[in-house]
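One structure below.
Read the figures in this text as sums done on the coordinates, not as results from a lab. Note that the structure is a prediction, hence the values are computed from the model and not measured. Because the Cβ atoms are built from the backbone with ideal geometry, glycine has one as well, and the counts that use them run over all protein chains shown.
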C-alpha cells in the first residue's frame, strides 16, 4: 500500500509540461513553506482520511 502511495505521489510531482509563471511562483512558495517546517506529514494526513 505504501509503495502505491509513493508511486502516486511521484506521478503527481513529475511535471508533464513547463509550469506557467503562476505555477512556478506557487512551487517556490511551497518550497519556502517546507523549508520553514510548515507542512503536515503524510502519515497524519492519512490518519485523518481513515478516521
Practice item. Inspect all residues belonging to the range 7-14 and state whether any of them is within 12 Å of the chain's Cα centre (by Cα), at negative phi and in a loop (DSSP other than H, G, I, E, B). Key: yes
Study note, to complete from the structure: Going through the range 32-44 in order, the residues found to be in a helix (DSSP H, G or I), within 12 Å of the chain's Cα centre (by Cα) and surrounded by fewer than 10 Cβ atoms within 10 Å (Cβ to Cβ) are none
Check your understanding: Which residues, counting only those in the range 14-28, are surrounded by 10 or more Cβ atoms within 10 Å (Cβ to Cβ) and over 28 Å from residue 1 (Cα atoms)?
Key -> 19, 23, 24, 25, 26, 28
